[in-house]
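Contents: one structure, followed by commentary.
The values are calculated or read from the model by the stated rules, or taken from the named source; none is laboratory data. Just so we're clear, the structure is a prediction, and the values are computed from it rather than from any experiment. Here the Cβ positions follow ideal geometry from the backbone for every residue, glycine too, while neighbour counts run over all protein chains shown.
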Amino acid sequence: MAFVIIDAKAMGSFVPPVYPPHQAPSVRELAQALNLDPAALERTVTAFNRAVRPGTFNHAILDDCTTVNLTPVKSHWARPSMRPLLRVSAPARHHLHLPGGGRERPGPGADAG
């Protein structure tokens with residue numbers, strides 16, 4: 001299971017969550033609210049913050065805010081989470097995004113019929 005964790009500076013930059021988010025003033029308290037190991041979540045957030053490279057954040061384009069020495073690499077929109085009032089969405093689900101909304105598209109020379 002995965003959670004999307006954002007801090008106060010990111011609020012309003014993205015599509016609002018469908019379900020009310022959990023909120024907490026610290027990483028430790030957020031972990032407790034989510035029934036996660038607080039020390040492990042603090043290590044994860046610290047590792048992410050250390051991996052963030054400076055850049056010019058712009059949520060409307062593929063910006064140059066990236067991470068290094070982190071797997072998987074975050075190639076855009078990476079900013080350290082530091083401000084109080086952390087929020088987390090409902091558990092994140094993976095999705096398969098198909099071009100054209102999933103409609104089958106014939107290849108070159110194929111009968112579109």
inquiry  = Quick check on my filter: what residues within region 49-63 are surrounded by 15 or more Cβ atoms within 10 Å (Cβ to Cβ) and assigned to a loop (DSSP other than H, G, I, E, B)?
reply    = 57, 63
key: Single residue of 24, 47 found to be of a type in the set (A, V, I, L, M, F, W, C) and in contact with a helix residue (DSSP H, G or I) (Cβ under 6 Å, 6 or more places away or on another chain)   = 24
request  = Can you confirm whether region 17-30 contains a residue that is modelled with pLDDT of 90 or more and under 16 Å from the mean Cα position of the chain (by Cα)?
outcome  = no
remark   = Considering region 1-31, residues that are part of a helix (DSSP H, G or I) and touching a Pro at 6+ places or on another chain (Cβ under 6 Å), and then whichever is surrounded by the most Cβ atoms within 10 Å (Cβ to Cβ), we arrive at 31
message = One residue is enough: does region 35-43 have a residue meeting the conditions within 11 Å of residue 80 (Cα to Cα) and surrounded by 11 or more Cβ atoms within 10 Å (Cβ to Cβ)?
response = no
